[in-house]
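> My questions all concern the structure below.
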């Protein structure tokens, strides 16, 4: 059965500790299986135009929420891999997974803000290659007690990696993105493909590509774990040009059913309006989410 998650906006004027905890408690009390937060390390103007300050760090936020929830899985959608040393990312993920009894998911992506890359001192044009090297370092650290690497971007020798995650052999690793590089990276490193800003035609084209790439690499086919808009409008929108996940309650539920029919293991629902000027208080987003899942079975 498909598990449902929610996106917790860990940024903007409504982001306070009380509201972040309110999101987690809403999710847990309404039968959601997962809550996920996003990632920016040094929000530059192009970032804050979409995701205003303050911006809470996902790892510290999820570690804190892990101690205040009981069954809810917690994850990142998505950690921007090149922004942090891979051994730090691996250790933080393992720590949170252990502290929460195996409830952490590391969702990852390559990033998009060139100015933010410059601010952290990472080469934007090489972010794909950096992500590949860092993901290999992370997965190696998750499965070996001592690791060494002489890479193009990081180099270290005989580094101890413990403690291990609670969930064997490591926390689930989800890979975001579109296109051939994302498909190859997902199969090579990931447990699941985690696309955002869904376009149904692209989804339907990418799922067979994942199966073909898995056969080529001789690896398991990754799970399908998308993040989907859940943006409620006053009535039906015209189907021509309608963004997937935006529309009437009937249309949103139909889009969710489509992802379930396509075999999604998880669907993370994101009710947040695309532009800050259109965003509403969290209580209204909770009403939308509660309506979308009203007929869904709860654990």
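> Within segment 77-89, work out how many residues are more than 16 Å from the chain's Cα centre (by Cα) and touching a residue at least 12 places away in the same chain (Cβ under 8 Å).
4
> For segment 33-63, how many residues meet the condition of being in a helix (DSSP H, G or I) and touching a residue at least 40 places away in the same chain (Cβ under 8 Å)?
The total comes to 6.
> For residue 101, state whether it is more than 19 Å from the chain's Cα centre (by Cα), within 25 Å of residue 7 (Cα to Cα) and exposed (fewer than 14 other Cβ atoms within 10 Å of the Cβ).
Judged against the criteria, residue 101 is a match.
Yes/no per residue for (1) surrounded by 21 or more Cβ atoms within 10 Å (Cβ to Cβ); (2) outside any helix (DSSP H, G or I); (3) modelled with pLDDT of 95 or more:
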{"position": "82", "(1), (2), (3)": "yes, no, yes"}
{"position": "91", "(1), (2), (3)": "no, no, yes"}
{"position": "95", "(1), (2), (3)": "no, no, yes"}
{"position": "105", "(1), (2), (3)": "yes, yes, yes"}
{"position": "108", "(1), (2), (3)": "yes, yes, yes"}
{"position": "116", "(1), (2), (3)": "yes, no, yes"}
{"position": "128", "(1), (2), (3)": "no, no, yes"}
{"position": "131", "(1), (2), (3)": "yes, no, yes"}
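> If we keep just the residues of segment 1-19 that are in a helix (DSSP H, G or I) and out of contact with any helix residue (DSSP H, G or I) (no Cβ under 6 Å at 6 or more places or on another chain), which is farthest from residue 82 (Cα to Cα)?
Of everything passing the filter in segment 1-19, 18 is farthest from residue 82 (Cα to Cα).
> Go through (1) part of a loop (DSSP other than H, G, I, E, B); (2) within 15 Å of the chain's Cα centre (by Cα) for residue 165 and report which single condition fails.
In the conditions (1) part of a loop (DSSP other than H, G, I, E, B); (2) within 15 Å of the chain's Cα centre (by Cα), residue 165 misses (2) alone.
> Being surrounded by 11 or more Cβ atoms within 10 Å (Cβ to Cβ), more than 17 Å from residue 122 (Cβ to Cβ) and in contact with a strand residue (DSSP E or B) (Cβ under 9 Å, 6 or more places away or on another chain) is the filter here; which residues of segment 138-148 pass it?
Within segment 138-148, 139, 140, 141, 142, 146, 147, 148 meet the criteria.
The values are calculated or read from the model by the stated rules, or taken from the named source; none is laboratory data. Note that the coordinates shown come from a computational prediction; the quantities given were computed from them, not determined experimentally. We place every Cβ from the backbone using ideal geometry, glycine too, and count neighbours over all the protein chains shown.
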